[in-house]
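Derivation of every value follows stated rules applied to the coordinates shown; laboratory data play no part. Fair warning: this is a prediction, and the values are worked out from it, not measured in the lab. Glycine gets a Cβ as well: all are built from the backbone with ideal geometry, and neighbour counts include every protein chain shown.
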Amino acid sequence: MYRLLNRRRRTVAALVAAVVSGSVLATVPASAAIGGPGLGDPYFPDDGNSGYDVSHYDVRVSYDPAHTDRLDGDTTVTARALTRLDRFSLDLKGFTVASVKVNGAPAKAFSRAGAHELVITPARPVAKGSTFEVRVEYAGRPDPEGWHTLETGGANVAGEPHSATSWYPSNDHPSDKATFALTATVPDGWTAIGNGLPGPESVKDGRRTFRWFEDRPMATYLSTVAIDRFTVHRGRTAAGTPVITAYSPDAVIDAEAEAQQTEILDFLAAKFGPYPFSSAGAIVVGASKEPNDGPLALETQSRPTYGSMLFDASMVHENTHQWFGDSVSFKDWRDGCVAECFAQYAGQLWEEHKGADLDQDYYRSEVEEYQNDPSFWSVKLYDPGPGKELDGALYFKGSLMLHALRRTVGDEAFFRTLRTWTRDHAYGNASFRQFETLAAKVSGKDLKGFFAAWADGTVIPPHKYLYPGTLGTPAR
């Protein structure tokens, strides 16, 4: 997520509670096997369910911009049971659930619990190790935490750490990634954009159906749909990856910025390794009905979402996330640096590519500005604490840390570490602790003190870690 607030570049996403509804839960014997609510994330203990692993989402939605308070959904979740399941849950906020089926049979019961639990009792227990399908039909007002209504009457989905539960039932945690199919039906004349590659369109009774397929595993908060009277441009990167860019009617279409998008993708591929997905591009949405509604930009997988216009700093940040955060996702929300530290530092790499002296014009100037500001250094980069999973420290202190690491190990080892990381953990999950280990292995250096000072420290790092390598030479 790209953030901007004066020099420090920050935004705050508004979180809005939703009302939930459902049917009566049947009594389940105390001895029943129940998929545990929550996947054990210390920051969001109720997110996800430990009883199964999702492999695929088939999300079908219908939306009419004339009725912005209603979304009709029909989602099928394909998963493998990690234990016998007499009862389990999916994450879904709001909506009225009309029907739940497990392996084609109506559920024995389903109900709502907590802020976002849809608790399901299948007609027959799901055997451990078996693949099963859950189909949920639902309708109602989408939750505004992730679903944003546009002034045009259209809508888009973007939000971190949560957005998926605003529009479809899911195992809503980054550690359970799955492939994704979207079928979105809207009035003819409107367009629905999603993740991945487009499929065939069809028209019936004045309504047009769009299909999108993301064939690489995706964390739920990276999934999206955007509906508007889009202008859609198509192109390709130098490597041949399709680039699909969609603009809302009130978004700025800047041909120069759009051309720069492919230049940026090619630049990042040279730094981090081949682009990881089957398509690229952007969703550029116009104004939301509510002021300050939704993030300025978000790294929705394969096709980042931007507000109002494209510009290079934001495109560099969100497209870097395609490698760091999307392809290689974090294991839990303590590991946000796996995404944000690298995406922010990529902006510095782009400035260097354009001629900037990072040592003097970036690193030294930033350290000098904040060296007497304890608050700048007070948040840890690994495990910053609940409510700080996207703290500005991950962006700004984290970017400085990566430049200091680069000067500690040298360019060859630093960039080889980045390319090894994106290759070895592609389409999976990894922790920042694993990155620390890899950096030490590739460089052949003992980096324990460095990372203890930078990633775990809450004060300005000692001089030897703050000014390593050429950073320790006098400024010109």
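Restricting to DSSP loop positions (anything but H, G, I, E, B) with no more than 10 other Cβ atoms inside 10 Å of their own Cβ, which trypsin sites (Lys or Arg not before Pro) remain in region 329-368?
Details: sites: LYS331, ARG334, LYS354, ARG364; in loops: LYS331, LYS354.
The qualifying sites are LYS354.
Where does region 140-238 land on Rg(C-alpha)/(2.2 N^0.38 Å)?
Output field value: 1.11.
Starting from 0.36 nm per residue, how many nanometres of slack lie between LYS448 and LYS354 once their C-alpha separation is accounted for?
Additional length available on full extension: 30.5 nm.
Going 7 Å from the Cα of ARG124 toward and past its Cβ, which residues in region 87-102 have a backbone nitrogen under 16 Å from where you end up?
87, 101-102
Reachable lysines from LYS93, Cα under 30 Å, same-chain residues fewer than 8 places away excluded?
Partners within reach: LYS101, LYS108, LYS128, LYS177, LYS289, LYS331, LYS388.
With a Cα-only, solvent-free Debye model of the chain, what are the log10 I(q)/I(0) values at q = 0.11 Å⁻¹?
Per q value, in the given order, log10 I(q)/I(0) is -0.89.
Show log10 I(q)/I(0) for region 267-396 at q = 0.20 Å⁻¹, two decimals, from a solvent-free Debye sum over equal Cα scatterers.
The calculated log intensity ratios at q = 0.20 Å⁻¹ are -1.29.
Relative to a virtual label point 7 Å from the Cα of ALA238 in the Cα→beta-carbon direction, which members of region 388-430 show backbone nitrogen distances below 19 Å?
Backbone N within reach: 415-416, 419.
Multiply the residue separation of THR131 and HIS67 by 0.36 nm, subtract the distance between their alpha-carbon atoms, and state the gained length in nm to one decimal.
Between THR131 and HIS67, full extension yields 19.3 nm more.
Please give the Cα centre distance for region 137-161 versus region 402-476, rounded to the nearest Å.
First find each Cα centre; the distance between them is then 39 Å.
Treat each spin label as a single point 7 Å out from the Cα along the C-beta direction, and report the THR470 to ASP215 distance in nm.
Going by the 7 Å Cα→Cβ label model, 4.2 nm.
Using amide H atoms built 1.01 Å from N in the peptide plane, name the residues 5+ places from ILE283, or on other chains, whose amide H lies under 5 Å from its own.
When sequence neighbours closer than 5 places are left aside, the close amide H contacts are ALA246, THR305, TYR306.
Which entries of LYS380/LYS448; LYS271/LYS354; LYS271/LYS397 have Cα-Cα distances beyond 18 Å here?
LYS271/LYS397
Using the alpha carbons of region 53-204, what is the convex hull volume per residue in cubic angstrom, as a whole number? Write out the running numbers ahead of the final one.
Values: hull volume 18.6 nm³, N = 152.
Considering the Cα atoms of region 53-204, their hull volume per residue is 122 Å³.
Considering the convex hull of the alpha carbon atoms of region 329-472, report its projected area averaged over all viewing directions, in nm², one decimal.
That works out to 8.0 nm², a quarter of the Cα hull's surface.
Just to verify a number: FRET efficiency for HIS56 and ASP424, C-beta to C-beta distance, R0 = 25 Å, to 0.05?
On the way: r = 24 Å, r/R0 = 0.97.
With a Förster radius of 25 Å, E is 0.55.
Go from 0 up to the bin containing the longest alpha carbon distance in region 100-174, width 10 Å each, and give me the % of pairs per bin.
Here the calculated profile for region 100-174 is 16, 40, 29, 12, 2.
Given axes a ≥ b ≥ c from the Cα gyration tensor, I'd like to know whether region 52-320 is rounded (a/c under 1.5), prolate (a/b larger than b/c) or oblate.
In terms of gyration-tensor shape, prolate.
Quick check: residue separation of LYS204 and ALA259 times 0.36 nm, minus the Cα distance between them. What number comes out in nm?
16.2 nm is the gain from fully extending LYS204 to ALA259.
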